Every structure is written in C-alpha cells, then in structure tokens.
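Chemist: Before I ask anything, here is the structure I am working with.
We did not get these values from a lab; they are worked out from the coordinates using the rules stated. Because the structure is a prediction, the values reported are computed rather than measured. With ideal geometry, Cβ positions are generated from the backbone for all residues, glycine too; neighbour counts draw on all protein chains shown.
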Amino acid sequence: QVEKTYPWTKEVEHKLRQMFKLPNFRKHQKEAINETMAGKDVFVLMPTGGGKSLTYQLPAVCQQGKTRGVTFVVSPLISLINDQSRHLCNLNIPAIAYTGDMTQKDKNLAHEELSRPEPYTRVVYVTPEMLTMGGHIKSILRSLLQKRRLARFVIDEAHCVSQWGHDFRADYLRLGDLRKDYPGVPIMALTATAQNKVEEDIIRSLGIQGCSVLRQSFNRPNLHYEVRPKTKKVIDEIVAFIRTQGQRASGIIYCNSRDGCENLAKQLRDNYEIEAHHYHAGMSKGDRRKIQEGWQEHKFEVIVATIAFGMGIDKPDVRYVIHHSLPRSLEGYYQETGRAGRDGNPSTCILYYTWGDGKKVLNQIDQDQNLTRPQKERQKASMNEVLRYCNNKADCRRSQVLSFFNESFDPRNCNQGCDVCLGRDRSVYTTLDVTDDALNVIKMVQSFEREDRITIVNAAECFRGFKGSSGKGLDQNPLFGIGKEWTRQEGERLIQTLVIEGALEEFCVASAAGWTNAYLRLGKEARKYLNGSKKLNMDFRQAS
Ligand code: ADP
C-alpha cells in the first residue's frame, strides 16, 4: 500500500530527524500531524509516555501546513508548562511560557514579540485561566488571527474539561469559546484518558464534532498489576517488596491523606532505613520542588505522596507504584500506575485494599459539603468501580482496567502480568456459581429489613450460624447457619460482592455515640436475583 504524501511530508520527515533527533514516528503520531497540518481538528488519545507532545511540536516548526504561525498550547499546570517550554528551548525551538508567574517585563517582551508581523516564536504555552481571562492575550490572539499567523490551539490534558474525568477544572469549560472566537483555527485535543464518556464530553465541550480521533491501545504490557489485602502488616510487606527491587530502584507510594504520607515516609526512614520523603499539596512550593527534583535526580528512592503528585512527571525508570490507600476511580488508578515503567522495563503496581477503606471514602464523598448531589453520585459510582475491581479475583486485571476504557483485551495475552493470571496459571483459583448462597443472603437481609437492621458483619455471622455479640437474636432467623461451610472472610466477601453488584446496599445511620453504622438493605438489582434472571460467580483461592 502506497502511503499518502502531502505537500509537507518531506519537511515533516526532515525536521523529525534534524530538530527532534528521532528516527521514526510512533503509532498514530504521523496521522495526527497530517490531520492537524491539513487544518482538521484532531483528538489524540495515547497513554502517558506515548508521545503526544511531538504531534503538535513538530507541526509547530513546519512552514508547509494549511495554517501557519504560532501554536498555542493550553496546559493546566505551571510546572508542566515550564518543563515543556524548557524542553523546546533545549531543542532550539522558540517557546514562551505565558503564565501568572511571569513578570510584567517578560509579559511586555512577549507582547512585543508576538505583535511583530512575522513572530519568531513557534509555541506559546498558556494556562486556561490566562487564555480566557481576556486582556492582552486576547488582543494578541486576535491580531495573530487577522495576520493569519495563528496556527492552531492545542488542549493538553483535555480530560480536564470533563466532569467525568479524574481531574476536572472549571477553567477548561470556557475553552469551548475558542472555536467561536477564532473560527478556522484547528484545534487539537490531547489526553491519556480513554473513557468513552470523557471523550464525548471533550469533543462536545470544545465544539470539535467531526474531528479525527486517533486512539492508541492503552495496554501497558510491562506493568504487573496486583491487588493485596491490606492487613496490619502492610508496612512490613511494603518494605519486603522494596527490598526485592534493585538497590536504587525508584518508586511512588500513594496515600490519600497528608498525615498518612508524612507518617509512612518517616516510618520507612526511621525504622527501616529506606530513603523515603513525603509530598503533598500542603507543603510550600519550594519544598515540593525540592522533593520532586531530589527524587527525579535519584538523590533518594521513594516518594510517599498524595495524588497531588504526578501529572507531568516524566521519570522513565519508576520501578513500582504502590497504593497504600485506595484510588478514587479506576481511571485515576490507571493514570497513577501509568507513571511506572515508562522506559518499557518491567515494573510493578500493587494496590492495598480493605472494604473498610472503601467505605470510608464513600462516606467522605457523602459528607463533602463542597460537592453537589450529581457530583457525589458520580464520585460514588467511580469509587464503586474501584471496589468491584478489588473484589473481583476472577478476571484478568489488565482486561478489567482496559475494558473500563472500552478496549477489549484477551487475557491470554496478559502473560502472567497480573495476580489473577499468575494465580490462574498456577491453578490457584477456581470459579464457582454461588447464586444459591447469594439468594439466601438476599432473603435474609430482606427479613431483617422489616424489623431489625444488620451490618455486613452481622449478616455474615447469621449466614454462617454464629450468634455473635450484636444482641439481635440472629439465631432466630430461619436462614441462620444456612451458609455454615463459608469462612468468615469469604462470607463477608460474598456480601460485599452483592453490595458492589447492587443487589444489596449499605445505608448509614448515625448512632447516639457519635459514630455511624452502615446497615444493609435490598438494592436496585435484588429483584433480578430473586426472579432468577441474574447469577453470581465468585472465584476462590484453593487451599494449597
Ligand atoms: P506524553 O505527552 O504522551 O505523555 P511525551 O510526548 O512526553 O509523552 O513523550 C514521551 C517520551 O517519548 C519522550 O521522552 C519523547 O522524547 C519520546 N518520544 C516521542 N515520540 C517518539 C518517537 N517517535 N520515537 C522515539 N521516542 C519518542
């Protein structure tokens, strides 16, 4: 098949080698470049590290495209902008970082330069608030448009426009005006977020319906995924794992609270002689920069961080990402783990999980007064996806994560790349139909619903035939002990699975003593189990 050539093909190939010192394109880079240079809107979906930047940086330095002049790149973080513009300056590509951090003098210089008939600058990086705030930048853009020297808009981290994304930013919503205000200027949206509903949101919000969509597989074959139960020994386990890694292997441990980060880093240093430092949004800018740079330059190995740490970090040799706390969405999980192994070498992602941690997050969402009701519902739905992932020991982790991004992945290609496939290859897991037990649990909860309330722990006790200490007369229930062959742990997992599947739901009641109890009642999906239209399978670890 003969490849299509464009008037700019020669120039593009030449500049790839000469300016970027790269021998070939990666998948979809060339297509994205051709589309935008032909003046079309493009949506580029590539995993982190896939090479999105080249798709606008290369056109920015070419003369031949349908539109010419300065490329404006909207990017959410000043640190990201500074990194990128420094990178371009190193390649001898004139770039400006136009942010709130700029001095008035620099701003004046930038205006002067961009007002010239033929600006020398190729790329201007700008934060969304700067771009939509009006003032000088708008007049610059207008005059560039009139001179036909506004080559394109690039919306980096475009998922920030979507409330479904893991990183929504209100300022991004106003980028929808670009199409109206600067007609005829092509728009490129770049993101590593592949959920369909996010994609639709981005295209609609930016007004780029009909754009070419270039979507790359999100599989990261060199990442090993694992979910582990979080026990009291979690720190010992983490330490043991870190010690299996090379002497100076770099890693990230995510915690969801600032205190949690500080404590864990301190424990690792003081008790285990592991060079770990914390990073979170409560630290001063200077401290954060110092820690980030120290870690990036290999002065120490482990960074213990909240999710404030991550976006825009380009360290190729991160060997592991450990989640000491649960991520709040599978999408966030994919992004956070995606920081491991960018150099293509094998790397490990471990997620520590307890049901209680998940419930805590759900409660926090419920009680967060800054969230509207629909926001709460969305966040809880995302959290439930995480819980379903953790509780599911039956399906290949990789195919679970990728199916969330609407990518089908054949688990046979996982190559023991996750705990589930590894276990399956060693025949550690068996799958059983537990529909009958599930039905008994549902009926049992139903009978309690009328009079007394029961928690998951009580329900498991009753199911297994333990009176327990709840004082609720569990042994009076007709189904008491119907699941007596179940272990405590698996009995509770059965009930948790029913909650995740929507057959049961937990609701919170504040007790007089000040804490909240979560009780069970039937959920929306219960009817489907009761009328026989839905079945439940669970995987069990075989005793070895
Ligand atoms: P993304 O923005 O998608 O996360 P980047 O644009 O930062 O990824 O690129 C990640 C890395 O891949 C960079 O180090 C970049 O130099 C490299 N890269 C990009 N395109 C190519 C290519 N065609 N060949 C080799 N390396 C590339």
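Chemist: Most exposed first by the Cβ proxy, i.e. fewest other Cβ within 10 Å, how do 157, 485 rank?
Modeler: Lowest count first: 485, 157.
Chemist: I'd like the distance between the alpha-carbon centres of segment 8-60 and segment 124-151, rounded to an integer number of Å.
Modeler: 23 Å
Chemist: I would also like to ask the following. Across the Cα atoms of segment 286-424, what radius of gyration and what greatest pairwise Cα-Cα distance (Dmax) are found, in Å?
Modeler: Every Cα atom of segment 286-424 included, Rg and Dmax give 16.6, 48 Å.
Chemist: Give me the Kirkwood hydrodynamic radius of segment 139-284, using the inverse of the mean 1/r over all pairs of distinct Cα atoms, in Å to one decimal.
Modeler: Details: mean 1/r = 0.0513 Å⁻¹.
Result for segment 139-284, one decimal place: 19.5 Å.
Chemist: Which is farthest toward the positive dipole end of the chain among 74, 324, 249, measuring Cα position about the Cα centre, with Cβ charges +1 (Lys, Arg) and -1 (Asp, Glu)?
Modeler: 74
Chemist: Here's something else I'd like to know. Which residue, 33, 428, 310, has the largest displacement toward the positive end of the dipole of the chain when charges sit on each Cβ (Lys, Arg +1; Asp, Glu -1)?
Modeler: Ranked along the dipole, the leading option is 33.
Chemist: Most exposed first by the Cβ proxy, i.e. fewest other Cβ within 10 Å, how do 43, 409 rank?
Modeler: Ranking 43, 409 by Cβ neighbours within 10 Å, fewest first, gives 409, 43.
Chemist: I'd like the distance separating the alpha-carbon centroids of segment 407-451 and segment 250-311, in whole Å.
Modeler: 36 Å
Chemist: Can you tell me what share of the DSSP beta bridges in the chain is antiparallel? A percent to the nearest 5 is fine.
Modeler: 20 percent
Chemist: Can you list residues whose amide H is under 5 Å from residue 70's amide H, if they're 5+ apart or on another chain and H is modeled 1.01 Å from N?
Modeler: 150, 151
Chemist: Moving on to the next point. Can you list the residues, at least 5 places off or on another chain, whose amide H is less than 5 Å from the amide H of residue 19, using H built in the peptide plane?
Modeler: For residue 19, whose amide H was placed from the backbone, there are no distant partners under 5 Å.
Chemist: Here's something else I'd like to know. Scan segment 106-208 for chymotrypsin sites (Phe, Trp or Tyr not before Pro) in coil per DSSP, keeping those whose Cβ has at most 14 other Cβ atoms within 10 Å, and list them by number. Could the numbers behind the result be given before it?
Modeler: Working: sites: 120, 125, 153, 164, 168, 172; in loops: 120, 164, 168.
Sites meeting the loop and neighbour criteria: 120.
Chemist: If you don't mind, there's one more thing I want to ask. When the Cα centres of segment 526-540 and segment 350-389 are compared, how far apart do they sit, in Å?
Modeler: Cα centroid of segment 526-540 versus Cα centroid of segment 350-389: 24 Å apart.
Chemist: Rounding to the nearest 10 and keeping the result within 0 to 90°, find how far the Cα-based axis of helix 136-146 lies from the longest principal axis of the chain.
Modeler: 60 degrees
Chemist: Next up: Express in nm, to one decimal, how much length is gained between residue 457 and residue 354 on full extension, taking 0.36 nm for each residue of separation and deducting their alpha carbon distance.
Modeler: My answer for the length gained is 35.7 nm.
Chemist: How far, in degrees from 0 to 90, does helix 196-206 lean away from the longest principal axis of the Cα atoms of the chain, to the nearest 10?
Modeler: 30 degrees
Chemist: Further question on the same structure: Give me a comma-separated list of calculated 3J(HN,Hα) values for segment 74-89, in order, Karplus coefficients 6.51, -1.76, 1.60 applied at θ = phi - 60°, integers in Hz, x for any Gly or Pro.
Modeler: So the Karplus estimates, Gly and Pro as x, are 8, 9, x, 10, 5, 5, 5, 4, 5, 4, 5, 6, 4, 4, 5, 4 Hz.
Chemist: With a 10 Å Cβ neighbour count serving as the proxy for reagent exposure, in which order, fewest first, do 127, 455, 193, 5 appear?
Modeler: Fewest-to-most Cβ neighbours within 10 Å comes out as 5, 455, 127, 193.
Chemist: Additional query: Using DSSP to define loop residues, name the chymotrypsin sites (Phe, Trp or Tyr not before Pro) in segment 459-536 whose beta-carbon has at most 16 other beta-carbon atoms within 10 Å.
Modeler: 515
Chemist: Taking the C-alpha atoms of segment 364-472, how large are the radius of gyration and the largest Cα-Cα span, Dmax, in Å?
Modeler: 18.9, 51
Chemist: Restricting the count to DSSP beta bridges whose residues both fall in segment 253-326, what percent are antiparallel, rounded to a multiple of 5?
Modeler: 0 percent
Chemist: Send over the semi-axes of segment 45-112's equivalent ellipsoid, whole angstrom and largest first, taken as the square roots of 5 times the C-alpha gyration tensor eigenvalues.
Modeler: Those come to 22, 17, 11 Å.
Chemist: On the first, second and third principal axes, largest extent first, how far apart are the outermost C-alpha atoms of the chain in Å?
Modeler: Computed over the Cα atoms, the extents are 88, 56, 52 Å.
Chemist: Also, quick follow-up: Work out how much length residue 104 to residue 38 would gain on full extension: take 0.36 nm times their residue separation and subtract the Cα-Cα distance, in nm to one decimal.
Modeler: 20.1 nm
Chemist: Using the crude model of +1 on Lys and Arg Cβ and -1 on Asp and Glu Cβ, and no other charge, please compute the dipole size for the chain relative to its Cα centre, in debye to 20.
Modeler: Numbers: 79 positive and 65 negative charges, 225 e Å.
Approximately 1080 debye in magnitude.
Chemist: Can you pull out the trypsin sites (Lys or Arg not before Pro) in segment 230-296 whose DSSP state is coil and whose Cβ has at most 13 other Cβ atoms within 10 Å? Could you put the intermediate results ahead of the total?
Modeler: Numbers: sites: 230, 232, 233, 243, 248, 258, 266, 269, 285, 288, 289, 290; in loops: 230, 232, 233, 248.
Answer in residue order: 232, 233, 248.
Chemist: Could you check the simple spin-label distance between residue 469 and residue 531, using points 7 Å along Cα→Cβ, in nm with one decimal?
Modeler: The modelled label-to-label distance comes out at 4.3 nm.
Chemist: Please report Rg over Rh for segment 208-301, where both radii come from the alpha carbon positions and Rh follows the Kirkwood definition.
Modeler: Value, to two decimals: 1.09.
Chemist: Measure nothing but the geometry: give the 0 to 90° angle between the long axis through the Cα atoms of 104-115 and the longest principal axis through the Cα atoms of the chain, rounded to 10°.
Modeler: Taking the Cα atoms of the chain, the angle to 104-115 is about 60 degrees.
Chemist: Treating only the Cβ of Lys, Arg, Asp and Glu as charged (+1, +1, -1, -1), what charge dipole size does segment 226-382 show about its Cα centre? Round to the nearest 20 debye. Write out the running numbers ahead of the final one.
Modeler: Details: 25 positive and 21 negative charges, 68 e Å.
Using Cβ point charges on Lys, Arg, Asp and Glu, segment 226-382 gives about 320 debye.
Chemist: For each pair in 393/467; 197/380; 233/380, compute the distance between the two Cα atoms and list the pairs where it is over 19 Å.
Modeler: Among 393/467; 197/380; 233/380, the Cα-Cα distance tops 19 Å for 393/467; 233/380.
Chemist: Also, quick follow-up: Cα atoms only, segment 418-501: Rg and Dmax in Å?
Modeler: 14.5, 47
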